[in-house]
1. Ile93's amide H: which non-local residues (gap 5+, or another chain) put their own amide H closer than 5 Å, with H modeled 1.01 Å from N in plane and none for Pro or chain starts?
2. Stokes-Einstein at 20 °C, 1.002 mPa s, Kirkwood radius from Cα pairs: D for the stretch 402-472 in µm² s⁻¹?
3. Work out Dmax and Rg for the stretch 5-50 from the C-alpha atoms and quote the Rg first, both in angstrom.
4. Any idea what the relative contact order of the stretch 152-237 is, in percent, if you count C-alpha pairs under 8 Å spaced at least 6 apart?
5. Under a point spin-label approximation (7 Å from Cα along Cα-to-Cβ), what is the Phe492-Ile20 distance to one decimal in nm?
6. If you rank Arg365, Arg249 by how much accessible surface each has, with a 1.4 Å probe, what is the order from largest down?
7. Dimensions of the stretch 410-450 along principal axes (Cα, Å, largest first)?
8. Over the chain, what is the percentage of antiparallel beta bridges among all DSSP beta bridges, to the nearest 5?
Amino acid sequence: MDVGSSLFLLGSSAVAVWYIFVRRATGGPANFLHRKTGKADPSAGYGLKTASLPPVTGFPLKILTTVLNSVFGTKILIPNAYKNSNGDLLRKIVIPEDPTMYPIMPFDGPSIPLGSKTSTDLADLTRPRSRSPDDFHHWEVADFIQAYTSETMTPTEVAERAIRAIQDSDRRKPPLRAIIQYNVEEIRKMAAASTERYRNNSPLSPLDGVPVCIKEELAVVPYYHRSGTDCLGCDAPSTVDSTVVAKLREAGAVILGVANMHELGMGVTGCNPNKLHGTARNPYNPQHFTGGSSSGSASAVGAGICPIAIGTDAGGSVRIPSALCGVVGLKGTFGRVSDHGGKLPDTPCECASLLHVGPIAASVRDAAIAFALTAGPDPKYPHGLNQPIINLENLDNTNLTGIRVGVDWRYLRHSSNCIVAACEKTIEHLENCGANIVDVQIPELEEARIAHTCIVVMEMAAAMAESFSKQYDKLTLPSRGLLAMRDTVPAFDYIQAMKQRTRTMNFLKEIFNKVDVIITPGTGILAPRTNPGELTYGKAPDEKDSALMRYMFLGNLAGIPAVTVPIGYSSNNNLPMSLQVQAGWWQEGVMLRVAHAVEKGTKHAKPQVHFSLLG
């Protein structure tokens, strides 16, 4: 070796030693942004970004998933993608607030006693309402009660129609795949008991004899608790109901079975290529996604198989599919409805500080009834032990005089043109109902979005650590790719996200001192169209997923109640559009009253796939 080569080798070695062992790799940006406690930067502007992610499916998704889980993927590709999508934003900010681990808000007034049944008066919500025979409408709880009390039909007869609807829905091409586990004898047994109670004039509740279905994420006897997978919870069926299911049984509801979902709840389209599931189809157009992750629940209600279904929501998973399937999706204040029985056996809760359980329903009134009967403290669920009494008075009153409706116009108009136009028309309707429209600006939306993303990744990764390790090859490609992010997000980001949660909750508290509700679109786009590669292999998150989630993260991060309600349909393909109403903590009553007024001003269209249980 000549002198020149030796010197080059020596110099290269010295540089490598310096870069690997001497050069400082810790620290942060040269200039941190400093926040003031409880105060937003007035010069910050709107700032909410749209994730720039290309669509990936099919064989390229296989390659991408393999690379993401390699050394190159976990150490180089994912960190750079995370940075390019603004995921490292909170690392650049000094946040003075203390972290908030769970978004629980104190309240004034009496609490619901532990172990008590709902004291909410539901009489007004169960009275049949007059409708034009020319307008389409889903059958709702009041219609079932009227049929049973007038002896026009019995719960047994309705149950037989529901069974046929489930079977017929899966004979279609493509199959609806809304309810994926059901037991005919179990359904008939519950319906027969309800029929006997009505014969004796002793129904248990407004939901007695009413068909409902439950997302597969929640334990339901005697079904498998698989959470959308082909590999978890498959050894034996559930032997104990989740709390929300136990309450529905106590209310006399006829549980039709278990509804489809996006695998592990880790997606907002409902795309599930697993053999035991398949992708649930949108009843308004089966060539479009339902939204997720409570895909089957929304599909079942939209198709008329049942008027009420139960879903879970950590990032819009009740509200997004409801919005895309033309039905109502409600999540209450964090802790209102127990999540006990919602985790896979022997695993932690997947997103403990974000997750809400809530109804998907044919109408706002039905959502309110299901919410009232399933909410309340549960000794097995510590986050909801202390909560105020639910007040649904005046929900049917569409005179909104004195109600202050907040609109962040920058946020509202960050959506597809047709959705913006429908929202603006709905705002005019609310003004005609007497509501006072108030301009608001929600600070630090981008910071809140990043905080929510970070918490989802960290809490999901912690809950799924063992399953990801042992069942890697049996999970879908998108789940493998998303769970690969667990090594990318440091604990520092998680704590920063909890601090941002504190700021966001305080900002919203100030806003709700000025308005009663905030309205936004339900989603940023219409239901995306499916393609064969996605249905076979799944799909990686892309820009459309980001647009679907655009209006969801505040509700989960801050724990405020939210409901999506249909407001119209696109002119070219009749896909549903939706408005979201959010209120302050524990204020579900005023939120549902505004949502009901919105619903009353909307003419509903019949889905392509529809079954009538009463007509």
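The values are calculated or read from the model by the stated rules, or taken from the named source; none is laboratory data. Worth saying up front: this structure is predicted, and the values here are computed from it rather than measured. For neighbour counting, all protein chains shown are included, and Cβ atoms are generated from backbone atoms with ideal geometry for every residue, glycine included. Remember, those area values only see protein heavy atoms, side chains included, never the ligands or the DNA or RNA. Shrake-Rupley method; radii C 1.70, N 1.55, O 1.52, S 1.80 Å.
1. Leu33
2. Values: Rh = 15.5 Å.
Taking Rh from Cα pairs, D becomes 139 µm²/s.
3. 21.3, 61
4. 23 percent
5. Going from the Phe492 label point to the Ile20 one covers 2.3 nm.
6. Values: Arg365 5, Arg249 70 Å².
Putting Arg365, Arg249 in descending order of accessible area: Arg249, Arg365.
7. Sorted largest first, the three principal extents are 37, 23, 11 Å.
8. Percent antiparallel among DSSP bridges in the chain is about 65.
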